[in-house]
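Here the structure is laid out as structure tokens; the discussion comes afterwards.
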Amino acid sequence: MIESTAPVPPPLSEAQVVLDVIRRRRTVDIALLRPDPVPRRVLEAILAAGTWAPTHGRTQPWRFTVFTGAARERLGNIFAQAYAAGSAPDRDSEAALAAQRARALKAPAWISLELHVPATSKFPLWEEQAALACAAQNMLLAATAFGLASKWASGAVMISPVTAAALGAPALMGFIYLGSPAGEAPDSSRAPLSEKVTWAE
Ligand SMILES: Cc1cc2nc3c(=O)[nH]c(=O)nc-3n(C[C@H](O)[C@H](O)[C@H](O)COP(=O)(O)O)c2cc1C
């Protein structure tokens, strides 16, 4: 008689761990975050992951401001100022400005994506922006690995020169917000490789 035993899963290879984190990362709406603060050591590990992004000539064209706790009230005021200075039809509405202030409090942690291109950089702007985008993706993946939900937010207020000036940044590529997920993240989809890849062999 053959004894039936549960199949032993193969050891998870390092590649599989990374691939799973990449596949698991989802853009999560701010309404689906829990209010619990993100521990400082977790935020530091996420930021460190950001700084390990590829950067042509190691220009490291990024600065990050991390807003947590009561500092998010300041961030909300900045969002409201940027909204008031923007072109939305309701930019004079007190309710719309209050919504901007409230938005900052809905996520436990915000990380600005500030583009600081060194004056000595000899690379085109797109390469510096790409480096910051790589840093952003590293942080989104690190957050996912810590079980956090996140989103890269780049709406008008998030990239406004008013917001950038308030942070002392020459330019902004938006913010990442983070928090514990309140439930399952909605799934996403991608076109199959066959639509996007040409194999030249
Ligand atoms: C540069 C950049 C900016 C983005 N800005 C926003 C944004 O402002 N608001 C938003 O809801 N999602 C934003 N996203 C996230 C996309 O909407 C999201 O990646 C897409 O819907 C696919 O969902 P997924 O990330 O869960 O696969 C941004 C993504 C990138 C790469």
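For the chain, calculate the relative contact order in percent as a whole number, restricting contacts to Cα pairs under 8 Å that are 6 or more residues apart.
It comes to 31 percent, rounded to a whole number.
Please work out whether the range 1-98 counts as rounded, prolate or oblate from its C-alpha gyration tensor, where a ≥ b ≥ c are the square roots of the eigenvalues and a/c under 1.5 means rounded, while otherwise a/b larger than b/c means prolate and anything else oblate?
Because a/c hits 1.5 or more and a/b exceeds b/c, the range 1-98 counts as prolate.
Starting from the Cα of Trp199, step 7 Å along the direction of its Cβ; do the same at Arg91; then give the gap between the two resulting points in nm.
For Trp199 paired with Arg91, the spin-label model returns 5.3 nm.
Under the Karplus relation 6.51 cos²θ - 1.76 cosθ + 1.60, θ = phi - 60°, what is the ordered set of whole-Hz ³J(HN,Hα) values for the range 185-198, x standing for Gly and Pro?
Values per residue, Gly and Pro as x: 6, x, 7, 10, 8, 9, 5, x, 3, 4, 7, 10, 10, 10 Hz.
Applying a 10 Å radius around every beta-carbon, put 192-199, 106-113, 161-168 in order of their mean neighbour count, most first.
106-113, 161-168, 192-199
Within the chain, which whole H helices from DSSP have a Cα span along their axis of at least 24 Å and a mean Kyte-Doolittle hydropathy of 0.0 or more, if any? Could the numbers behind the result be given before it?
Working: long enough: 125-145 (30 Å, 0.71).
Correct list, ordered by number: 125-145.
Is there a quick way to get the dipole size of the range 49-201? I mean about its Cα centre, with the Cβ of Lys and Arg at +1 and of Asp and Glu at -1; what is the value in debye to the nearest 20?
Around 320 debye, computed over the range 49-201.
Modelled label-to-label distance, Asp187 and Trp126, 7 Å Cα→beta-carbon offset: nm?
If labels sit at Asp187 and Trp126, their model points lie 3.5 nm apart.
Show the residues, 5+ positions off or on another chain, whose built amide H is closer than 5 Å to the amide H of Ala109.
Leu178
Pull out a ≥ b ≥ c, the square roots of the eigenvalues of the alpha-carbon gyration tensor of the range 51-163, then state rounded if a/c is under 1.5, prolate if not and a/b is larger than b/c, and oblate in the remaining case. The partial results should precede the final answer.
Values: a/c = 2.62, a/b = 1.52, b/c = 1.72.
Oblate is the answer for the range 51-163, as a/c is 1.5 or above yet b/c matches or exceeds a/b.
For Gly174, list long-range residues whose amide hydrogen, built 1.01 Å from N in the peptide plane, is under 5 Å from its own amide hydrogen.
For Gly174, the qualifying residues are Leu113.
Provide the net charge surrounding Ala143, with neighbours chosen by a C-beta distance below 12 Å and charges set as Lys +1, Arg +1, Asp -1, Glu -1.
Local charge sum for Ala143: +4.
Roughly how many Å² is the accessible area per residue of the range 1-158, as a whole number, for a 1.4 Å probe?
Ligands and nucleic acids excluded, the figure is 59 Å² per residue.
Let's test this: bin the Cα-Cα distances of the chain at 5 Å from zero up to the farthest pair and state each bin's percent.
For the chain, the binned pair fractions read 1, 7, 13, 16, 16, 15, 12, 8, 4, 3, 2, 1, 1, 1, 0, 0 percent.
For Lys151, what residues show an amide H to amide H distance below 5 Å, using hydrogens built from the backbone and excluding near sequence neighbours?
Val28, Tyr177
What GluC sites (Glu not before Pro) in the range 1-97 are in a loop by DSSP, with at most 10 other Cβ atoms within 10 Å of the Cβ?
Numbers: sites: Glu3, Glu14, Glu44, Glu73, Glu94; in loops: Glu3.
Answer in residue order: Glu3.
Answer rounded, prolate or oblate for the range 41-95, using the Cα gyration tensor with square roots of eigenvalues a ≥ b ≥ c: rounded when a/c is under 1.5, else prolate when a/b is larger than b/c, else oblate.
The shape class here is oblate.
Could you please put Arg72, Arg91 in sequence from largest to smallest accessible area, using a 1.4 Å probe?
Result of the area sort, largest leading: Arg91, Arg72.
Take the solvent-accessible surface of the protein heavy atoms, probe 1.4 Å, and return the percent of it on the range 31-132 that carbon and sulfur atoms account for.
Ligands and nucleic acids excluded, carbon and sulfur give 56 percent.
The values are calculated or read from the model by the stated rules, or taken from the named source; none is laboratory data. Note that the coordinates shown come from a computational prediction; the quantities given were computed from them, not determined experimentally. In this analysis, Cβ positions are derived from the backbone assuming ideal geometry, glycine residues included, and neighbour counts consider all displayed protein chains. Remember, those area values only see protein heavy atoms, side chains included, never the ligands or the DNA or RNA. Shrake-Rupley method; radii C 1.70, N 1.55, O 1.52, S 1.80 Å.
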